[in-house]
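Working notes, structure below.
Every number here is computed from the coordinates shown, using simple stated rules; none is lab data. This is a predicted model, so every value here is computed, not measured. Because the Cβ atoms are built from the backbone with ideal geometry, glycine has one as well, and the counts that use them run over all protein chains shown.
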There are 2 protein chains.
Amino acid sequence: MREIPGIPYTFKDTELLALALSHRSIGQINNERLEFLGDAILDFVVSASLFKLRTDNDEGDLSRLRARVVRGDTLAKLATSLKLGDYVKLGGGELKSGGFRRNSILADTLEAIFGAIYLDGGFEPCEKVIQHICDPVIAGLPDADELKDPKTRLQEWLQGRGYPLPDYSLLSENGPPHNKHFVVECVGEAAGIRVTGAGESRRKAEQAAATIALEMIAGRSKK
Amino acid sequence: MREIPGIPYTFKDTELLALALSHRSIGQINNERLEFLGDAILDFVVSASLFKLRTDNDEGDLSRLRARVVRGDTLAKLATSLKLGDYVKLGGGELKSGGFRRNSILADTLEAIFGAIYLDGGFEPCEKVIQHICDPVIAGLPDADELKDPKTRLQEWLQGRGYPLPDYSLLSENGPPHNKHFVVECVGEAAGIRVTGAGESRRKAEQAAATIALEMIAGRSKK
């Protein structure tokens, strides 16, 4: 096999493509080293695309945008749309695996294919393939602000209007160690914010409270 | 300025080099976006070099080896040997900073210069510069096993000989919150291991105990 439909590249060395499709469940000779290489070139090519496209975003925004493109979830969707599941070679135990496990295998295989293309054809052909596959994802990325966590967005909203930072305080912590439940209050007195949020960790409860505060702010501005 | 002595590249666009040398302390137009880009190309070029050079290492080893090359500490040493401190442009507050702060500024500036070279000259010239600067570091890397943390190495040593995993137990925890002192015992009964380690966190005390166990094992094999 020299090609995978949907990936615009023809391998000179068919063994490299075969290796890229070999999950570690089939044995010692597998695609994990290629995945290491492919992950690195993917990160760089996506970084360069974002750098050129998002001229108004700072390095923090660029990092968050990149993470959205290269995360396993996104790569698994791309791999699924390329039907990589039809080509990946799995050992006995993995053949039946579904769900998350399967998605992660597909995402890793896509990275390994990028690594194999780099070794087979060099940087530029590999860059073109990655751009071909990832540019639609990059084009569909949300505004960088939307990728910030709620606490950060609330803080920036308050600071932008000259308000002091909000206070988060723990109202309650209940439940056994493996099933805790936290309730946190978020207060921004000057901005008229006093809301509560709940979650399975203090951090999650704080983010939930910040989300509610942001929804409250958005609701006010619509009135 | 078109060149920095020790960095074998001549800039076509001198403003790109000037931007790469502009620390954020001098204002809004600074090198942080270039650092984002340079960090990504550095990671990739080092990954590719390690992939080709270390054919016997698995992806975990390659990750640890790469981390040793691209970490701030290593980059700061490289930047210092290139005398980047003579060229970097800092704002008032940062001019006097020394030690860790200064090292981190120099490391970031080196990454920004890589990013600027990529934008100015494209991938291959940038790859050559990174290889020129980093290959001596890569050539001097230790054996991949030495980069594993002591607990991992002890575990692998025991497993390799059919022994069960070691047990770590906390013997004592003393001191006020900002100055804790932990003592941990590491026991590998079947392998004749019973040692203690101390540190400012439980994790560090465990690693210290594992280090002592490894030293004991090494001492035995010399007899």
Amide H partners (placed H, <5 Å) of B:Ile4, local residues excluded
B:Tyr9
With r defined as the distance between the Cβ atoms of B:Glu200 and A:Arg161 and R0 fixed at 41 Å, what FRET efficiency is calculated, to the nearest 0.05?
0.45
Which value, to two decimals, describes the C-alpha radius of gyration of the stretch A:129-169 once divided by 2.2 N^0.38 Å?
1.80
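Return the calculated 222 nm mean residue ellipticity for chain A, to the nearest 500 deg cm²/dmol, obtained by summing -39500 (n - 2.57) across DSSP H runs with n ≥ 4 and dividing by the residue count.
Here the helix-only value at 222 nm equals -18000 deg cm²/dmol.
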Using a 7 Å offset from Cα along Cα-Cβ at A:Arg101, what residues in the stretch A:6-37 end up with backbone N under 16 Å from the label point?
A:23-27
The residues A:Glu35, A:Glu127, sorted from fewest to most surrounding Cβ atoms within 10 Å, come out as A:Glu127, A:Glu35
Treating cross-link reach as a plain straight distance, find the aspartates and glutamates whose alpha-carbon is under 12 Å from the alpha-carbon of B:Lys180, omitting any fewer than eight places away in the same chain.
B:Glu200
Using θ = phi - 60° and the Karplus curve 6.51 cos²θ - 1.76 cosθ + 1.60, what whole-Hz ³J(HN,Hα) does each residue of the stretch B:55-60 get, with Gly and Pro shown as x?
5, 8, 8, 7, 5, x
Rounded to whole Å and sorted largest first, what semi-axes of the equivalent ellipsoid does the C-alpha gyration tensor of the stretch B:14-142 yield via the square root of 5 times each eigenvalue?
27, 16, 11
Springs between alpha-carbon pairs under 10 angstrom, Gaussian network model over chain A: which of A:Ile26, A:Ile113, A:Ile138 fluctuates most?
A:Ile26
The chain B residue whose Cβ lies closest to the rotation axis carrying chain B onto chain A, with that distance rounded to whole Å, is B:Phe44, 2
Members of A:Lys89/B:Lys128; A:Lys52/A:Lys128; B:Lys12/B:Lys128 lying beyond 27 Å, as alpha-carbon distances in this model show:
A:Lys89/B:Lys128
Based only on other Cβ atoms within 10 Å, what is the fewest-to-most ordering of A:Met1, B:Met216?
A:Met1, B:Met216
Once the Cα atoms of helix B:123-139 and of chain B are each reduced to a long axis, what angle between those two axes, in degrees from 0 to 90 to the nearest 10, is obtained?
40 degrees
How far is the Cα center of the stretch A:6-41 from the Cα center of the stretch A:127-154, in Å?
26 Å
Could you pull the copy-to-copy label distances for A:Asp143, with points set 7 Å along Cα to Cβ, in nm to one decimal and sorted shortest first?
5.6
Along Cα→Cβ at 7 Å, what distances in nm separate the B:Asp58 label point from those on the other copies, shortest first?
4.1
Ascending list, in nanometres, of distances separating the A:Ser221 label from those of the other copies (7 Å, Cα toward Cβ)
6.4
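Provide a whole-number value for the mean count of partner chain Cβ atoms within 10 Å of the Cβ atoms in peptide A:27-35.
Per residue, the average neighbour count from other chains is 2.
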